[in-house]
Structure formats: structure tokens, C-alpha cells
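Here is the structure we will look at.
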């Protein structure tokens, strides 16, 4: 029980921020509260949430995946290149061929990084460039098409109320959370991110975990690419590029520490919302796009302050008091660990 | 208790110093004086507060309370460079030299001599030469530090401190890695410095050396000063009983376990990589084996290779007369081998993960079903083991970093006990833990030996080696020089074997 409480407490601030921004947006522009607007908004951020999930896994082991953009692009292109006449077999192809492609690309990343012992930053930068080239070879200009009914099913509303993207995402996040918290594999991810040497000496097979984490990143990247194809009804070979850095930003805002071993997926919807809503508000206020960039940057730096410096996104720490002091003292204990 | 000198003669007066770290009171109300031209020995067990006190003096830590007077002027240091300016120099136990730079560069590191805005290399080389000559070291100041033997590096370290012309020089275990000849050389330097009127504080675990070189000795225990007296007052026994505060037999549990020499429970054969020499040993049933010797003679690499880490080649091991193959930690754990690592914070504990994640890290695969963790079973197992070891904690989800040193060590022990080891390899099992935890760990080691676990301990604490081991193998330069059993495990025998280049038993080089 206590574990649950602690985790929830960790994610409260990000969702409080979301609610605050949401209310502010609603006051500025009352139509903001309409259900349609919200469904729209949610559909728009879904690909980024998937990309953020992918990045979260990789960042948790202390790595990074710069090829996520290319994975999104190539799976997007593959999905829109499948035959689009509505038959069950075609729908399965549309779904599984890109998924398989994403998984394979991710596993290759993982293999190179773990077996070669190379830095993930450079490896994924390189493979990202290669796969972007392949994508452009397959489809040099935007095009392709997918089945209309599939598109409606994925981006529409279930029972005319619940937006399907929300449903898909909630399921995806629950699965990810379950993997991270309840499975041996998830435990190994945190251990590996916490300290690779200790993880290795604890009998965790680090290379296997690494390979599969990059595999999962590829798989989730593919989800993003497939969703984009359904939403846009076609494909664009350069669609993934902005997701490279935005996915990292979203993962960090959601509370995952870039040094690894700390964070999770529960904050990811909130993190993405914050990232997007601020721009949305600035748009509503008709503020020039330079300021939007500045705002994005500032949010990211704030997020870094909260995660990397070891300050928890903990309510009690925000509002001072006894626990704050105690927390600080305890933290100091680790740093000053005396050696006599 | 303190020598009755008038205050004017004291170069250094420390009074009422208190320093606490969360969970421990490292230095508790300490008074300490040192005068010009005096070598002041400072002894005490690991964790007695010597190093913390010296780090306060050198500005590394800031005291919670108390006063430091140097030449009767009150001083507070916010960092090392302030202390250095006030005339305090410290020669650390871990060498702080950069191996890929030259001797001269190292000596003037951070305190560059300049001509205008540029570093004056000619002057630096000239001055380095003069300082090295002063302490009787004849080396080229252009030479790289990495090319020098350990003892000479220590001299360079001293030269580096001397450039600032300190009045008070602290030597924090300078002899730990030196042989007897090299120690004598160091002592000559100490005497030269003493004649120049410097105040020297000398910290060492080797009591004989302290008795030889010091004029006054202070004994610390549990953060307090037990006694300060002229050296004539002490002998080795008096020092030990002052350091320990109780009888030897009270700290270490009696060696009551039966050893069955006929029955081999563990054997190791291998060739040590660095020395290319055979390092074979066996363990009898119920025996605690210690690996001793000076620090850095390959003991750690040897024991790590049992666990599937690098260090030896051509390894053949048997556990209970069954051959086992261990190439990596995964296989080691499967074969029933546990390793308590040397550096708790770097190799033992995931500082940012929870206690639960830490303890179960090496055994998750035993409590899972198709990859899913059996959480109830896990909690029960962890609750059990942490109650057994009486780990003080608030909740299992508490972040490990928030525990004190002793509890962290117990956490590492809990993690490895949970894997039900047949062979328990322990590197420095009591480094940086309090006395109470130490006793607990000693009792645990006995208990393991009684349960017929093969316990192999490496420790740099000689008292510990004598107190807990049934048999001690001494290692020097990557091979064993002696095999000491029960009554033969004495401080003198260990020291002699530690610095010898031949196997004292067989006489083979």
C-alpha cells in the first residue's frame, strides 16, 4: 500500500499543474471546455504520448533513443503503404507489419548498444539517419492511404462518447506501468538504470534487458507511427522528426530522470498535456511563436530542476514543513557519507 | 590528561569540536592540542572519528560546534584552500596525484607559479627540485607520476603539500601501502620536518609505527578522545585496550566452530593475471578463511574472480566436491556464490532505489512466475531477513540512500544472504560501520561458518583478521606468502609475511 501512496504522491503535482493550466485556458477561451475540443486535443497529443512512453523506457535504463523519429516515420510510411481495402486480413497487416518493423529496428539498436558497448546517443543518432534514408527511399513525398473505417475506429469515439485514443492510451499506460512495477523485467530496468555495475553483479543479465528495452521503444514508436497514419489518413516520411526531442522533453516533464533508475509512465499523459496546453493557451492568446518556443524551453528547464537535482515532485516538499527538512537531511546523508 | 604547557606554546588548539552526520555522531566534543616540533600520533579503530576530525581541521567538513585556534588565532575554514592558506596541509591516504602528469606539474597543481598571466614552468621545475631535495628524494621532476613506484609517489604527495609551507601537516595513514624500508624512509622525512618546527599529526593503524615515531599519542574511540599521553606511557597492549575500550574477546565471538580438516567444501585453483603465479587454496568444513596482506596486493581481484569477475585465468573451482563453472556473476549466483563488494556505495547499493528493490535485486528470478513478481512472497522474505539482521528502517519503499552506513552494509548482507549462499566472499565487510554493527557482522560470520557455508574474508583491518579468521592466507604482489593457522595468526606474523617476497612456508619465490 505504501508503495502505491508514494507513487501517487509523486504524480500529483504534474496533474495539479495540468488542471491549473486547463482552467486558465478555459477562462481565456470558454469553448476550450467543450467535449469536442478536448477530444481533438487528445487525439493530437496521442502520438507524442506514445513517443514519450517509448523514450521513458529507454531513459529509465540511463539510455536515450534518438532514432524514435525515424521509427515513427518509417512505421507511418509502412502503415500507409499497406493495401487499404477493408478486409480483416488487411487490417491485421496494417497493424502488425509496422509493429514488427518498429520492434526489429529497436532490437537492432539494442543489439548494437549492448553487444558493442557503444554510447546509445551516437548509435541511435546513426541508426536514425539510416532509417530516415530508408523511409525517404520508400516514400519520397507525402502520400499513401489507409482504410477509412480503420481510421474512424482509431480516432473516433467509442459509443459516441469515449474518445478511442484515450482508451488506447490508458490501456497502453496500464500495460507499461504493470511491466515496470510488477515484473522481473521491470525490476531489472530500474536496477540497470540505478547502477549498471551493481545490476551486473546482482546477476541481472544487463545486455538482454537493454536489447528488449530498445525493442519496446521501437514497438511504442511504431504505435505512434500507426496512430499518425490513421489520424492523417496518409503518411509523411518526415513526420517523425519533431518527435525526437519532444519525446525526451515529455518523458522528463513527466518525472523521469535522465540519469536513469527514477521515474515512470503514470505522469506521461500529464507531462504531455502540460507541454501542449501551454502552447495551446499561447495560441489562444495570439502570442507570437517565438514566445511559444521560449515557453517550451522554460518548461523543460523547470522539469529538469525537479527531476535531475534529486528534488522530488513531492507535494510536501513544495509546501515546506517538517517533511521537507527531513527529506533534505536524508538526502545529505547520502552525499556526505563519511569515510573514516 | 593534556600535557601541561602554557597556551602560548600550542601551535594548534582544537576545543569542543562536534560534528554529526545523520545517524551518527562522528566527532563528539573533542579537545586536541599540538605544539611546534611535535609528532602527534592519532590512533583509533575504523570509524572512531580520526579522519573526520582531520577533515574538519583541513576544511573539508565544517564542525557543528567548537573552535579551532592556530597560533592562538581563531580560524574557521569553509574549504580546503582556506585551511591551506592558514597553514594546514594534509597528506591523504588515497593518493591525490594525477598519474599522466609530470612530477613538477603535480607538485604545483592548482597553486601554479606565474610570470605575468602565464605559468612559469622553469620556476616550477626548479622549485620542485628544491623541495624534493629537501625531503631527500632524487628524481627527475619531468618524469610522469605513473612511472614512479608507490613509495616515491607518496613522497611527491608530501612535496605537493610542502609547497604551501604549512605549519601543521597531517599524515592520514601514509604507511598503508609501504614496505618496511619505505616506511623508514618516510620516517626520516618526518624527522626532518619535525626539526624544522612543524607540527605533525600522524594517523596510522600500525601501532608499532606510531609508537616508534610519535612524541605524543592520542587515542580516539566512538568520536571521543580516550586518552592523550606521552609515548613513553604506552605500549602496544595499552594502546589496543584504549582503542577498543573492552577486551578483545568481547568484540569477537569465540572460535568455537568445529573444523573438519578432512572435508573440503570449497577449492579454488587459478593463475593470478598480474603476477602469472598460481593462487590455489581450499576451505575445510566450518572454517573462516581470511585473506590478508598490505592493501592492493591483489586480494580483491583474486576474490572477485571467484564471483566470475576478472582477476584470474584458468580457474577451476569445486563446491562440496562438485565442479562448478563460473564465467560471470549470473553463473556465480546460480552456483551458490555471494560477494559482498568492497565499495558499498559504488558496487553494493542502488542508492536511489528502494530498500525492497535493493534487497531483492539478486534473487528476483527466484520469486517470479512467468516474469511476474510474487509480491507477497517477496515482502515476506525481505521482512524476514531484515528482522534477522535488525535493519533500522521506516518502510521497505524508503530510498536506500536515507540509511546510515551500518544499515546500508546490513542491506548488502541481507541481499546476499537471501540467495542462500554456499560460498560467501566478503570484501571489507565492516568498512565504515559502527562498533555495534561490526559485532553483529562478526557473529553472523561465525554463524555462517557453523552452517557449513564457506566464508572467505578480505579485510585491511588486522585486528579483524586475527579476531574472526580460523586461517589466514597472506598475499603479496599477487601470490601467497604465508598460511597462518589459529595461534599463529598474530600481528607480527602477518606483518612479516605481508612484506616478504618469498613464501615463508615453502621458501619458494
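The values are calculated or read from the model by the stated rules, or taken from the named source; none is laboratory data. A quick note: this is a predicted structure, and the numbers were derived from the prediction, not measured. For neighbour counting, all protein chains shown are included, and Cβ atoms are generated from backbone atoms with ideal geometry for every residue, glycine included.
Against the condition more than 13 Å from every other protein chain (Cβ to nearest Cβ) and crowded, with 19+ Cβ neighbours inside 10 Å, how does residue B:430 come out, does it pass? Here the answer is no, as residue B:430 does not meet what is asked. Within the option set B:68, B:107, B:119, being touching a helix residue (DSSP H, G or I) at 6+ places or on another chain (Cβ under 7 Å) and more than 19 Å from residue B:13 (Cβ to Cβ) holds for one residue only, B:107. For segment B:407-423, the set of residues classified as away from chain A (no Cβ under 14 Å) and either in contact with a helix residue (DSSP H, G or I) (Cβ under 6 Å, 6 or more places away or on another chain) or assigned to a loop (DSSP other than H, G, I, E, B) (or both) consists of B:422 only. Listed conditions (1) free of Cβ contacts under 8 Å to residues at least 60 places away in the same chain; (2) more than 14 Å from every other protein chain (Cβ to nearest Cβ); (3) assigned to a helix (DSSP H, G or I); (4) crowded, with 19+ Cβ neighbours inside 10 Å are all met by residue B:498, apart from (1).
Segment B:152-260 holds strands (runs of 3 or more DSSP E) entirely within its bounds, and those carrying 2 or more residues that are over 30 Å from residue B:127 (Cα atoms) and modelled with pLDDT of 85 or more map to B:216-221, B:224-230.
Rundown of residues vs (1) within 14 Å of another protein chain (Cβ to nearest Cβ); (2) surrounded by 24 or more Cβ atoms within 10 Å (Cβ to Cβ); (3) part of a helix (DSSP H, G or I), yes/no style:
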| site | (1), (2), (3) |
| --- | --- |
| A:189 | yes, yes, yes |
| A:193 | yes, yes, yes |
| A:197 | yes, no, yes |
| A:218 | no, yes, yes |
| A:222 | no, yes, yes |
| A:239 | no, no, no |
| A:244 | no, no, yes |
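Among the residues of segment B:42-53, is there at least one that is buried (at least 22 other Cβ atoms within 10 Å of the Cβ), modelled with pLDDT of 90 or more, under 26 Å from the mean Cα position of the chain (by Cα) and under 14 Å from residue B:228 (Cα atoms)? For segment B:42-53, residues buried (at least 22 other Cβ atoms within 10 Å of the Cβ), modelled with pLDDT of 90 or more, under 26 Å from the mean Cα position of the chain (by Cα) and under 14 Å from residue B:228 (Cα atoms): present.
Tell me, which helices (runs of 4 or more DSSP H) lie completely within segment A:1-116 with 2 or more residues that are at pLDDT 85 or above and closer than 30 Å to residue A:205 by Cβ? Correct list: A:35-60, A:68-81, A:88-116. Just one of (1) assigned to a helix (DSSP H, G or I); (2) not assigned by TED's automatic domain parsing to the domain that holds residue B:201 fails for residue B:55. It is (2). Residue B:426 satisfies every condition listed in (1) assigned to a strand (DSSP E or B); (2) within 27 Å of residue B:182 (Cβ to Cβ) except (2).
When B:37, B:41, B:89 are checked against the criterion of being in contact (Cβ under 8 Å) with a residue 40 or more places away in the chain and at positive phi, a single residue qualifies: B:37.
Within segment A:69-123, the set of residues being free of Cβ contacts under 8 Å to residues at least 24 places away in the same chain, more than 19 Å from residue A:235 (Cβ to Cβ) and in contact with a helix residue (DSSP H, G or I) (Cβ under 6 Å, 6 or more places away or on another chain) comprises A:112, A:123.
Evaluate the following for residue B:60: is it over 18 Å from residue B:200 (Cα atoms), within 14 Å of chain A (Cβ to nearest Cβ) and either outside any strand (DSSP E or B) or more than 26 Å from the chain's Cα centre (by Cα) (or both)?
Working: over 18 Å from residue B:200 (Cα atoms): yes; within 14 Å of chain A (Cβ to nearest Cβ): yes; either outside any strand (DSSP E or B) or more than 26 Å from the chain's Cα centre (by Cα) (or both): yes.
Yes; evaluated as a whole, the condition is true for this residue.
Selection of segment A:177-187 for residues being out of contact with any helix residue (DSSP H, G or I) (no Cβ under 6 Å at 6 or more places or on another chain) and either within 15 Å of residue A:52 (Cα to Cα) or away from every other protein chain (no Cβ under 11 Å) (or both) yields only A:177.
Being at pLDDT 80 or above and in a helix (DSSP H, G or I) is the requirement here; does residue A:301 meet it? It would help to see each step written out before you state the result.
Working: at pLDDT 80 or above: yes; in a helix (DSSP H, G or I): yes.
Here the answer is yes, as residue A:301 does meet what is asked.
If you take the residues of segment B:288-308 that are in contact with a helix residue (DSSP H, G or I) (Cβ under 9 Å, 6 or more places away or on another chain) and closer than 19 Å to residue B:494 by Cα, which of them is surrounded by the fewest Cβ atoms within 10 Å (Cβ to Cβ)? Here the answer is B:296.
Residue A:235 falls short of the stated requirement of being surrounded by 21 or more Cβ atoms within 10 Å (Cβ to Cβ), within 12 Å of the chain's Cα centre (by Cα) and in contact (Cβ under 8 Å) with a residue 24 or more places away in the chain.
To keep it simple, each residue is scored yes or no on (1) free of Cβ contacts under 8 Å to residues at least 60 places away in the same chain; (2) over 30 Å from residue B:16 (Cβ atoms); (3) touching a helix residue (DSSP H, G or I) at 6+ places or on another chain (Cβ under 7 Å).
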residue: B:162; (1), (2), (3): no, yes, yes
residue: B:170; (1), (2), (3): no, no, yes
residue: B:184; (1), (2), (3): yes, yes, no
residue: B:192; (1), (2), (3): yes, yes, no
residue: B:204; (1), (2), (3): no, no, yes
residue: B:213; (1), (2), (3): no, no, yes
residue: B:225; (1), (2), (3): no, no, no
residue: B:241; (1), (2), (3): yes, no, no
residue: B:250; (1), (2), (3): yes, yes, no
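Scanning segment B:274-285 for residues that are assigned to a loop (DSSP other than H, G, I, E, B), touching a residue at least 60 places away in the same chain (Cβ under 8 Å) and either within 20 Å of residue A:200 (Cβ to Cβ) or touching a strand residue (DSSP E or B) at 6+ places or on another chain (Cβ under 6 Å) (or both) yields B:275, B:279.
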